[in-house]
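Worksheet: one structure, shown below.
The values are calculated or read from the model by the stated rules, or taken from the named source; none is laboratory data. Being a predicted model, the structure only gives us computed values, none of them experimental. Here the Cβ positions follow ideal geometry from the backbone for every residue, glycine too, while neighbour counts run over all protein chains shown. Each accessible area value is taken on the protein alone, full model and side chains, heavy atoms only, with ligands, DNA and RNA left out. Shrake-Rupley method; radii C 1.70, N 1.55, O 1.52, S 1.80 Å.
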Amino acid sequence: MNKYEHKQIEKKWQDIWDEKSCFVAPQDYTKPKFYALVEFPYPSGQGLHVGHPRSYTALDIVARKRRMQGFNVLYPMGWDAFGLPTENFAIKNHVHPAEVTKKNIARFKSQLKSLGLSFDWSREINTTDPSYYKWTQWIFLQLFKKGLAYKKEMNVNWCTSCKCVLANEEVVNGVCERCGSEVVHKTKSQWMLKITEYAQRLIDDLDEVDFVERVKIQQKNWIGRSTGAEVNFKTTTGDILTVYTTRPDTLFGATYMVISPEHPIIEEKWANKLNNIDAVRAYREEAARKSDFERTELNKDKTGVCIDGVRAVNPVNGKEIPIFVSDYVLMGYGTGAIMAVPAHDDRDWEFAKAFGCDIIEVVSGGEDVQKAAFTAKDETGILVNSEFLNGKTVKDAIPAMIAWLEENGIGHAKVQYKLRDWVFSRQRYWGEPIPIVWCDKCGWVPVPEDQLPLTLPNVDSYEPTENGESPLAKMTDWVNTTCPCCGGKAKRETDTMPQWAGSSWYFLRYMDPNNNNALASKEAMEYWGPVDWYNGGMEHTTLHLLYSRFWHKFLYDIGVVPTKEPYAKRTSHGMILGENGEKMSKSRGNVVNPDEIVETYGADTMRLYEMFIGDFEKAAPWSPKSIKGCHRFVERVWNLFDKIEPSDAYSKQHEVLMHKTIKKVGEDIENLKANTAIAAMMSMVNDFYDKGINRAEYKTLLKLICPFAPHVAEELWSMLGETSVLSLEAWPEYDESKTQESSIQIAVQVNGKLRATISLPVDCEQQLAIDTALADEKIQKAVEGKNIIKTIVVKNKIVNLVVK
RNA sequence: GCCGCCAUGGCGGAACUGGUAGACGCAAGGGACUUAAAAUCCCUCGGUAGCGAUACCGUGCCGGUUCGAUUCCGGCUGGCGGCACCA
């Protein structure tokens, strides 16, 4: 028999699959469907990383199995190709970003093809293709028309190196997520999307989908719902200062108030009433000058200024209390003002200690509140010094106080979210143009839908400007236009959309990728939607995954898509780390190039190793040595070919093994446990080396291996004389009643310690189990001279004798 | 600080709803084949004691529940990820 030559075999079968369009999902809407999705990559200049195939192979295995089970399977791939690295490369090397993108895509595509992934390449999409971003722009216009896209002058995160605005989600520890440079605050007019309007539904509908729990938790935490009350405090000037609190029960303990340095009431109402307005303004300017990074770095020591000239009145007891300005109160959350209860809040306590404010205990049950704040919200605390709340638990006092506030018109229950609206503008070239025009007469006017796509014009230079304008602003020919509304002079919006725009709806486009009249046809969306199984990285939980759920819900509301949620199931893979256990990165020098593995061992070995490396959901270090084990397995399957006996039925000795393994492999694939599925197949092959194998057994083995190592499986299948394409053959069936041997080894314990193993018929009577156990020599020795006071028999598992 | 996850041989990792810990693979050691090496095939492989049958110990640490705990509960220690002055 021939030697195993992976290069020839893999090329051969990839060509055959292509020629026969084996993985093209037909527009046959009568068969049961299965839509498997993996996150489409950003085609970077570095090419594929070994991390990419982990996700792709895992769902490829599921897709291949489902295809063999008769499903109409859609497993598509495309390119999320707008983005900064491409633009920066273009600037540096004086090439058009579209050229760079084209080249990178070609490289990625050939790399993906070399892995034998069963993508339907006829549905390939590219977010930078005008026929694609036409619909990204169209969705934006719908958001605009419904008032969910709006322009706002606001304090934004500005990356000093990218020269670009960042969304809150893109700022990590006060630095730019992408380049690590300092992020400062800047006031700019920005397009915003009202994701906050969907906050509650984004939480509630998580109950309807099958997402791994950590994804749900992380999304809920990010949205950050809290319940409490808004309370109005009167001030000595007669103005009302509204606060939000989650602890209305502690209102009797509010001994001062704090407002954010940027609170508008200072300049609007109090500018000429404060004796120390200069000090307040100086403090505000100092706070504004700090970057996010500095502000969080310095968050240990509380700073602030007491307002001189206005005081507030605690509405529950009429006491006058001071008002402070401090940067520990944020303008972007709640009302930008708080009531401070130092006895029961750590931050207020620290501030009170620094500024000598009163600390009054209103919840008993903790230590001395002069020494530390008592913040427990459970039943341990009982209200004191709080008139009508005295004696109540915190849990009961909260609704009681809210009821009292509502009765007296002082306040009301309120739900707050940490989630903020999505900053949607980017001052860069390589993104979707925002299809809006500014007209001095008509304001912001949408580009008429029949004029979409609004294509990106060619510019001479992609450099962002120092003043923070998009490179498009320099294109006066393009910028100057006429108002679609009144026909007068108008200017185009020059900001572009963020990278997250194109990926927020791409899964819909795969359903019907060439449609020029809609983002996808109704029939296609009704058949294919929702995505049955979506796998991707945890790093996208609060970005892409949340954004795309938001867009989908919006599209559902306007009747474009038929389901509330885009993805029925979401799983998440762990990262592949370098050999040293650290994250793979160029700077650490531990990056593994998948091409080398494919070259040396072949795609089948690569695929097996990516799956065998460990628990799919956990991070795992790359190990070049372990790859050999997977390669040996492939060769052992290959060499087994010479040992095949001619028989068309499973041999008696292997019958249970066959049925058991079919069951195990099938279940493991569905549970993303390809690692143990491979282990089971390795065991099976070991057994065949021991005891021989026949044709029927070999055929089943090849079918089981096919989703994991499809090329070698196809080649061996054809070597058997079969003329069909194995990838389209039927998945093997098993018989539950034949998955167990008729007799079984069970453990016999004495006082919970293993003392012997005995062989018993499956599901045998308890008494027989006990008798057999007692008849065992070792057991007799172990219980000799002792009284058996109890026997525990667990069917097919153990017999435990309790002796004294 | 808050939320979530994790801790098992020399290594990656198995172990169903509490029931024979260490499947499968890597590395290592031994053997066969070979002039030799590679490859392949076979055997051993948690620790201690013993020639051996076997005994005792062993799933980060301390304690609990149970006939029985890697698995459940309480308290620690260490690591990873997310959020972070969110009122």
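Against the definition (open to solvent by less than 10 Å² (accessible area, probe 1.4 Å), more than 20 Å from A:Ser44 (Cα to Cα), out of contact with any Gly (no Cβ under 6 Å at 6 or more places or on another chain) and in contact (Cβ under 8 Å) with a residue 40 or more places away in the chain), how does A:Leu115 come out, yes or no? No; evaluated as a whole, the condition is false for this residue. What number of residues within the range A:393-437 satisfy the criterion of being touching a Lys or Arg at 6+ places or on another chain (Cβ under 8 Å), open to solvent by less than 50 Å² (accessible area, probe 1.4 Å) and assigned to a helix (DSSP H, G or I)? So the answer is 3.
Across the range A:593-634, the number of residues qualifying as more than 13 Å from RNA strand B (Cβ to nearest atom), part of a loop (DSSP other than H, G, I, E, B), in contact with an Asp or Glu (Cβ under 8 Å, 6 or more places away or on another chain) and over 22 Å from A:Phe688 (Cβ atoms) comes to 0.
Residue by residue, here is whether (1) part of a helix (DSSP H, G or I); (2) more than 10 Å from RNA strand B (Cβ to nearest atom); (3) on the phi < 0 side of the Ramachandran plot; (4) at pLDDT 90 or above holds:
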| site | (1), (2), (3), (4) |
| --- | --- |
| A:Leu716 | yes, yes, yes, yes |
| A:Gly721 | no, yes, no, yes |
| A:Gln740 | no, yes, yes, no |
| A:Ser759 | no, no, yes, no |
| A:Ala773 | yes, yes, yes, no |
| A:Ala782 | yes, no, yes, no |
| A:Lys786 | no, yes, yes, no |
| A:Ile792 | no, no, yes, yes |
| A:Val799 | no, no, yes, yes |
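Restricting to the range A:359-373, count the residues that are closer than 19 Å to A:Ile321 by Cβ and either touching a Cys at 6+ places or on another chain (Cβ under 6 Å) or not in a loop (DSSP other than H, G, I, E, B) (or both). Give the derivation first.
Kept after step one, since they are closer than 19 Å to A:Ile321 by Cβ, are these residues of the range A:359-373: A:359-363, A:369-370, A:373.
From the residues that got through so far, the ones that are either touching a Cys at 6+ places or on another chain (Cβ under 6 Å) or not in a loop (DSSP other than H, G, I, E, B) (or both) too are A:363.
Matching residues across the range A:359-373 total 1.
Restricting the range A:687-719 to residues that are open to solvent by 20 Å² or more (accessible area, probe 1.4 Å) and of a type outside the set (D, E, K, R) leaves a set whose member that is farthest from A:Ile61 (Cα to Cα) is A:Gly692. Among the residues of the range A:451-466, those identified as open to solvent by less than 70 Å² (accessible area, probe 1.4 Å) and over 17 Å from A:Ser161 (Cα atoms) are A:Leu452, A:Pro453, A:Leu454, A:Thr455, A:Leu456, A:Pro457, A:Val459, A:Ser461.
Could you tell me whether any residue of the range A:285-300 is modelled with pLDDT of 90 or more, aliphatic (A, V, I, L, M) and either open to solvent by less than 60 Å² (accessible area, probe 1.4 Å) or in a helix (DSSP H, G or I) (or both)? Steps first, please.
Let us first name the residues in the range A:285-300 that are modelled with pLDDT of 90 or more, namely none.
Looking for residues that are modelled with pLDDT of 90 or more, aliphatic (A, V, I, L, M) and either open to solvent by less than 60 Å² (accessible area, probe 1.4 Å) or in a helix (DSSP H, G or I) (or both), one finds none in the range A:285-300, hence no.
For the range A:194-220, the candidate set comprises residues that are outside any helix (DSSP H, G or I) and of a type in the set (Val, Ile, Thr); within that set, the residue that is farthest from RNA strand B (Cβ to nearest atom) is A:Val209. The residue that is farthest from RNA strand B (Cβ to nearest atom), among those in the range A:151-169 that are open to solvent by less than 40 Å² (accessible area, probe 1.4 Å) and either touching a Phe, Trp or Tyr at 6+ places or on another chain (Cβ under 9 Å) or more than 26 Å from A:Gln137 (Cα to Cα) (or both), is A:Cys164.
Which fully enclosed strands (runs of 3 or more DSSP E) of the range A:479-544 have 1 or more residues being in contact with a helix residue (DSSP H, G or I) (Cβ under 6 Å, 6 or more places away or on another chain), over 26 Å from A:Val165 (Cβ atoms) and in contact (Cβ under 8 Å) with a residue 40 or more places away in the chain? Even if it seems obvious, please write down each step before you answer.
Details: elements: A:480-482, A:489-492, A:533-537.
Ranges flagged: A:533-537.
Considering each residue of the range A:329-340 in turn, none proves to be open to solvent by less than 70 Å² (accessible area, probe 1.4 Å) and either assigned to a helix (DSSP H, G or I) or more than 9 Å from RNA strand B (Cβ to nearest atom) (or both). Among all residues of the range A:671-686, there is none that is more than 16 Å from RNA strand B (Cβ to nearest atom) and within 21 Å of A:Thr57 (Cβ to Cβ).
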